[in-house]
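Presented below is the structure to which this report refers.
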Amino acid sequence: MAGVGRFKFLAEVNDIDNCTKLACKYKERGDFAYLLDGQCFNVKCFSKKSCEIASQPPIVPTALAKLVWSAAPGQRGPDKKIAKIAEHRLLQDIIYTDSYNREVRPALRDSDVVTVLFEVKLVQIVDVDEKAETLKVNVWTTQKWKDPFLKWNPDDYDGISTINVEPNLVWLPVIILYNNAAKGFTGGLEKYKTKVLIGSNGTVTWFSATQFISSCKQNIRFFPFDEQFCYLKFGSWTYNVKYLDMTTDQTTADMSAWIKNGEWEVIDVPVEKNQLYYACCPHPYADITYTIHMKRKVLYYIFNLIIPTTIIVFFILVGFCLPPDTGERITLNITVLLTMTVFLNIASNTLPSTSDSIPLLGDYYLILMIMVCFAILSTCVVLRYYYATPTRMPERLRVIINEWIASLLFFVITKKPKNKGVSQWCGKRTEEACYDCNESNNFMAAQSFIVQNESNTAEERIALIEIRPKNHLPRANGVQNEHQKTPSSASHKKSKSEPAINLSGGASTASEKRLRRRKMSALPKRGNALNTLQNRVMEGLGVLTRRVKEDNETEEIVLEWQFAAIVLDRLFFVLYSLTFIIPLFVFFYASPTPPVSKVEPQ
């Protein structure tokens, strides 16, 4: 009937008689009246042939359809070909005719609302671009609506109940993706290339498979343990709810054709119908919103970003095992710091440039970098203590580090000896460079000394003189001379001009005695020669004693600073070990709890 003429709705009536009366009273009287589902129309025929035996209403619709084709056989379509088959005739009747205008909304009255049934089947998540904050997804869409101008009786067209036509031949609802992020704003109907299925009852169904790129705001706070919510908002761009409404039979998206993604796991895809007001228009606009709740699979990030950095930072602990006086520890720490910056750069390249939140992985890297900087700083402090200038350590600092902290770190603390200086140094040196520290306080003697004579002869040039202590003699200026010997002395029988000298310590032959006399003749003949020699020996011993004492004090100061450096090194090792474990604990337990349920392919 759509190919007969132009229709004008008059009123809703119960029978054809009342419809005929209304058509006759209408100011622009048509060719006949038409009754369809209780709705009366005034019809103006396009040609005489279509109405030559229908000049007087009322007309029965089925009879009219037969009349038209019997009265006007061999009609030509837009392709100028004569319609011979039923489908061709049907297309000419409802599509290729001047009575159908695809720009007109399929409503018999202006107040009628066209309802579009919209459904989505989620097929595959192609890509989630965190940097651009977009979601690329493959979907199958279904749109259904009623077009009263595209109805026919299948019996009149060889039982044809459905036909497929190009979408540009019929009226289409302008349903687009609101949050489209593709170039050129291609979220509209130009993406759909499939044909439209039209039923004999006027139901238009449009199945299409397409790929959408939608904007998806990323919440990267818990990256890589994050969950994202991406929205697909479909609605009409031109018709408000007064003219077009949207509905759906889905509560969740259809996942029967779902293809799993290697990076994301879909938890749920709920569906929600909305009617929203916009600032441009007084009436609301309907939309169907699909919320894709998905969770990131973290295995890739654990093995490529987390475990390598953890192993690298662990080498800082190994660096504490190196001796403090080696410079390789700072080199190792700086190398680890540079490696951390490389991994941080890799992670930042995959995340959007946003200041809304700092990702959990970024917090982890930041803490590790702070730990590496702390290790470098602690190494500098240890080296500063280890190579400190030989000045006495402040007593309070020595007590805090060398006693309190050392005891807490299980260092064995020994009491400081009371006798300082030479008494501590003795026993560490060889007997050739040390005098007897256990002798009586009334006596001090030298082990050996060398006397160099002015003579040029080799035999008279050097003499080795050994002055042995005499335990029974009193001490005068720390050295015993020949004039102070008592009569009870065993060597008192010798000449007073000769000192008590024994080169061999045993019986001597005549040649040895002559050699001894020759060596003794090299000594000054004056009576105070021995006293002069003894004074020189005492001066040398005094210098040696002061030098040994100074060396002992310097060594003691150096050892105190080095011990403090070792104590601080162990303290920093303990602190670093604790701070190394805490970030790992926080990193893995600060992530969101796993979802209770997830969507599985049906």
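The values are calculated or read from the model by the stated rules, or taken from the named source; none is laboratory data. All values derive from a computational prediction rather than experimental measurement. Backbone-built Cβ (ideal geometry, glycine too); neighbour counts: all protein chains shown.
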Starting from residues that are closer than 30 Å to Leu568 by Cβ and β-branched (Val, Ile, Thr), keep the ones in region 339-362 and report whichever is surrounded by the most Cβ atoms within 10 Å (Cβ to Cβ). Thr339
From the list Val336, Val318, pick out the single residue that is exposed (fewer than 14 other Cβ atoms within 10 Å of the Cβ) and not small (Gly, Ala, Ser). Val318
Looking at this structure, is Thr97 modelled with pLDDT of 75 or more, of a type in the set (S, T, N, Q) and more than 60 Å from the chain's Cα centre (by Cα)? yes
Give the residues of region 287-300 that are farther than 14 Å from Ile220 by Cα, of a type outside the set (A, V, I, L, M, F, W, C) and buried (at least 16 other Cβ atoms within 10 Å of the Cβ), sorted by residue number. Asp287, Thr289, Tyr290, Thr291, His293
The residue that is nearest to Val43 (Cα to Cα), considering only those in region 92-115 that are β-branched (Val, Ile, Thr) and assigned to a loop (DSSP other than H, G, I, E, B), is Thr97
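Residues of region 242-260 being surrounded by 16 or more Cβ atoms within 10 Å (Cβ to Cβ) and either among the hydrophobic types (A, V, I, L, M, F, W, C) or in a loop (DSSP other than H, G, I, E, B) (or both), which ones?
Passing the criteria: Tyr243, Leu244, Met246, Thr248, Gln250, Ala253, Met255, Trp258.
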Do you know which residues across region 150-168 are within 56 Å of the chain's Cα centre (by Cα) and touching a residue at least 40 places away in the same chain (Cβ under 8 Å)? Ile163, Val165, Asn168
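Please find, among Leu64, Leu91, Leu108, Leu117, the residue that is more than 60 Å from the chain's Cα centre (by Cα) and either under 27 Å from Gly38 (Cβ atoms) or modelled with pLDDT under 85 (or both).
It is Leu64.
Select from region 118-141 the residues that are acidic (Asp, Glu) and in a strand (DSSP E or B) and write down the one among them that is nearest to Ser236 (Cα to Cα).
In this case the residue turns out to be Glu119.
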Pick from Ile307, Ile292: which is out of contact with any helix residue (DSSP H, G or I) (no Cβ under 9 Å at 6 or more places or on another chain) and at pLDDT 95 or above? Ile292
In region 182-217, anything at pLDDT 90 or above and under 30 Å from Ser355 (Cα atoms) is listed as Phe212, Ile213, Ser214, Ser215, Cys216, Lys217
Return the residues of region 525-571 that are modelled with pLDDT of 85 or more, in contact with a Pro (Cβ under 9 Å, 6 or more places away or on another chain) and either polar (S, T, N, Q) or on the phi > 0 side of the Ramachandran plot (or both); say none if nothing qualifies. Thr554, Gln562
Being in a helix (DSSP H, G or I) and aliphatic (A, V, I, L, M) narrows Leu338, Leu351, Leu322 down to just Leu338
